[in-house]
Amino acid sequence: MTETSGGAGRGKVPITVAYGDGIGPEIMEATLRVLDAAGAQLAPETIQIGRAVYERGISAGIEPASWESLRRTKVFLKAPITTPEGGGFKSLNVTVRKSLGLFANVRPCQSYAPFVATKYPGMDVVIVRENEEDLYGGIEHRQTDEVTQCLKLISRPGSERIVRYAFEYARQYGRRKVTCFTKDNIMKITDGLFHHVFDEVAAEYPEIQNEHWIVDIGAAKLATAPEQFDVIVMPNLYGDILSDVAAQVAGSVGIAGSANIGSEVAMFEAIHGSAPRRAGKNEANPSGLLLAGVQMLVHIGQGEVATRVHNAWLATLEDGVHTYDIFNPSVSKEKVGTREFATAVIERLGKEPKVLKAVHYPAHGRPITVTVKPRARPHKELVGTDVFVEWLGAPKDLGQMLERLAAPDLRLVMITNRGTKVYPEGVPETLCVDHWRCRFQSAQGEGPVTPEQVVALLSRLVGGGVPPIKTEGLFTFDGKPGFSLGQGQ
Ligand code: IPM
Ligand code: MG
């Protein structure tokens, strides 16, 4: 190995490596052995994460000093870890993604038929998952005895960044179509924003087809006709769920790699977990982490090495050298363990697959960068408030009391229970729990209200025995309402 081969002439690239828990150490060792044999120019720095760190009482599963390594190398190859069950432990994955701004989660889900069994031999989908927002904010509250809440936050810059990333990815990798999945028929404001931004950005890429599906039917199509899709971009939670579905439909979650890309730092991992029951047995398939390693090599400009590793891996699959998880007597020739699989890949370095399509990464590709376009801020006006209260009586009694407390400058517009209007004009069939959303607007109609009027209302509610559990401002933006109308029935 020479100092410059495949390293864009820059010598060895420092990376941070974590061996993780369960099968992590075995698959990391196998992966690094293959990358090294292929001529990857890497200077790995090892950090400890996961179980041992959690057990030392560090709730995030990563030592403060390890962050320093991540920030310095900016490249993290991470084996799976075991997050202890029970309260108090935070998901390391989520912490690393959010703290280091790894906004794009890229998960290629490709079938390798006939060598890995799948119903969909033509499948070649890349899921681009938003990685920081949505319900993953983890902002949850128990608000009343009966009701809990999780905040779903979707931002314009967050949506724009991920959608642009998906289109730039499609352009860079010669893909023909980008599809967006949302549930904007129900979440018109949050998912509606994501979809709207998708339409705006798509217009800047006329050479790439674009389409949107509501996520339920989109997911059904992905699971039964995945050949129809190319790149799919979606908010965090749908992307989490559907990337497992897509990887499994392609053949196995065990062989999919994943890249978490930020504007500074990037993290590469398998999409599967730490499989503790398989640990220490030299059985696990290292392919998911190895393919994540291939994504890493492309990211750091060692595309030739990435091509060599990926093609040798494809050739190994084709030769029927398979670990237990994909072993299938009709196509497999040899059942091997983790170490032997890595050795088989190393033996095939320099070879290309004959049946499966060979890959060719650009020799010194640049990481995809995206910028969010500056835009004028709209005129924002307060026009009311939604006050959530706990109440155990009938909607009519609450409504009449709140009408009195709203006066003179505000008026009660409606009360909903879990989003369904129950006052005025509710129906007795609606199940009411102890959590009510009460909307107040100006007594003069839809006009502006002042923050002082809202504060005075809140203090009247406290005095009236219905203290607020939460409030939301009702705002218009350039005259358009920024809140759902919540008629509900
Ligand atoms: C994934 C995982 C993580 C997620 C878990 C481990 C927090 O399921 O990477 O898809 O939900 O994002
Ligand atoms: Mg997941």
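Tabulated values for the structure
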quantity: Within segment 268-287, tally of residues that are aliphatic (A, V, I, L, M) and either within 14 Å of ligand 2 (Cβ to nearest atom) or closer than 14 Å to VAL125 by Cα (or both); calculated: 2
quantity: Checking PRO395 against (1) closer than 30 Å to ASP184 by Cβ; (2) exposed (fewer than 14 other Cβ atoms within 10 Å of the Cβ), the condition it does not meet; calculated: (2)
quantity: Top-ranked residue in segment 49-68 [being within 12 Å of THR16 (Cα to Cα) and surrounded by 19 or more Cβ atoms within 10 Å (Cβ to Cβ); ranked as nearest to ligand 2 (Cβ to nearest atom)]; calculated: ILE49
quantity: Complete set of residues in segment 210-263 that are away from ligand 2 (no atom under 16 Å from the Cβ), over 13 Å from the mean Cα position of the chain (by Cα), part of a strand (DSSP E or B) and under 25 Å from LEU77 (Cβ atoms); calculated: VAL231
quantity: Some residue of segment 35-52 being of a type outside the set (D, E, K, R) and within 16 Å of ligand 1 (Cβ to nearest atom); calculated: yes
quantity: Residue list for segment 235-286, filter: within 18 Å of ALA342 (Cβ to Cβ), out of contact with any Gly (no Cβ under 7 Å at 6 or more places or on another chain) and crowded, with 23+ Cβ neighbours inside 10 Å; calculated: GLU269, ALA284, PRO286
quantity: Criterion (without any contact (Cβ under 8 Å) to a residue 60 or more places away in the chain, hydrophobic (A, V, I, L, M, F, W, C) and in the same structural domain as VAL34 (by TED's automatic domain parsing)) met by exactly one of ALA306, ALA312, ALA266; calculated: ALA306
quantity: Conditions (1) charged (D, E, K, R); (2) surrounded by fewer than 23 Cβ atoms within 10 Å (Cβ to Cβ); (3) at pLDDT 95 or above; (4) within 11 Å of ligand 1 (Cβ to nearest atom): number failed by LYS78; calculated: (2)
quantity: Verdict on LYS354 being in the same structural domain as ASP21 (by TED's automatic domain parsing), closer than 27 Å to ASN93 by Cβ, outside any helix (DSSP H, G or I) and of a type in the set (Lys, Arg); calculated: no
quantity: Number of positions in segment 355-384 that are under 30 Å from LEU458 (Cβ atoms) and under 32 Å from the mean Cα position of the chain (by Cα); calculated: 4
quantity: Within segment 410-472, strands (runs of 3 or more DSSP E) holding 1 or more residues that are charged (D, E, K, R) and closer than 11 Å to GLY384 by Cβ; calculated: 410-417, 435-442
quantity: Tally, over segment 439-489, of residues that are surrounded by 13 or more Cβ atoms within 10 Å (Cβ to Cβ) and within 33 Å of the chain's Cα centre (by Cα); calculated: 14
quantity: Only one of ALA202, ALA270 that is within 23 Å of GLU132 (Cβ to Cβ), modelled with pLDDT of 95 or more and within 16 Å of ligand 1 (Cβ to nearest atom); calculated: ALA270
quantity: Test result for THR73, away from ligand 2 (no atom under 14 Å from the Cβ) and surrounded by fewer than 23 Cβ atoms within 10 Å (Cβ to Cβ); calculated: yes
quantity: Residues (β-branched (Val, Ile, Thr) and either within 16 Å of ligand 1 (Cβ to nearest atom) or crowded, with 21+ Cβ neighbours inside 10 Å (or both)) located in segment 209-228; calculated: VAL215
quantity: Checklist (1) free of Cβ contacts under 8 Å to residues at least 24 places away in the same chain; (2) in contact with a Pro (Cβ under 9 Å, 6 or more places away or on another chain) applied to VAL383, failing item; calculated: (1)
quantity: Residues of segment 24-71 satisfying the condition of being within 25 Å of GLY88 (Cα to Cα) and in contact with a helix residue (DSSP H, G or I) (Cβ under 8 Å, 6 or more places away or on another chain); calculated: ILE47, GLN48, ILE49, GLY50, ALA60, GLY61, ILE62, GLU63, TRP67, LEU70
quantity: All positions within segment 243-277 that are among the hydroxyl-bearing types (Ser, Thr, Tyr) and within 23 Å of GLY218 (Cα to Cα); calculated: SER243, SER252, SER258
quantity: Qualifying residue in segment 229-244 (condition: within 25 Å of THR316 (Cα to Cα) and more than 10 Å from ligand 1 (Cβ to nearest atom)); calculated: no
quantity: Residue match in segment 199-221 (condition: more than 20 Å from VAL34 (Cβ to Cβ) and either among the aromatic types (Phe, Trp, Tyr) or in contact (Cβ under 8 Å) with a residue 60 or more places away in the chain (or both)); calculated: yes
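So that you can scan it fast, the table gives a plain yes or no per residue for (1) within 14 Å of ligand 1 (Cβ to nearest atom); (2) surrounded by 15 or more Cβ atoms within 10 Å (Cβ to Cβ); (3) on the phi > 0 side of the Ramachandran plot; (4) assigned by TED's automatic domain parsing to the domain that holds ALA266:
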residue: LEU100; (1), (2), (3), (4): no, yes, no, no
residue: CYS109; (1), (2), (3), (4): yes, yes, no, no
residue: ASP134; (1), (2), (3), (4): yes, yes, yes, no
residue: SER155; (1), (2), (3), (4): no, yes, no, no
residue: GLU160; (1), (2), (3), (4): no, yes, no, no
residue: ARG164; (1), (2), (3), (4): no, yes, no, no
residue: GLY174; (1), (2), (3), (4): no, no, yes, no
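The values are calculated or read from the model by the stated rules, or taken from the named source; none is laboratory data. These numbers come from a predicted model, not from an experiment. Don't worry about glycine lacking a Cβ; one is built from the backbone with ideal geometry, like all the others, and counts go over all protein chains shown.
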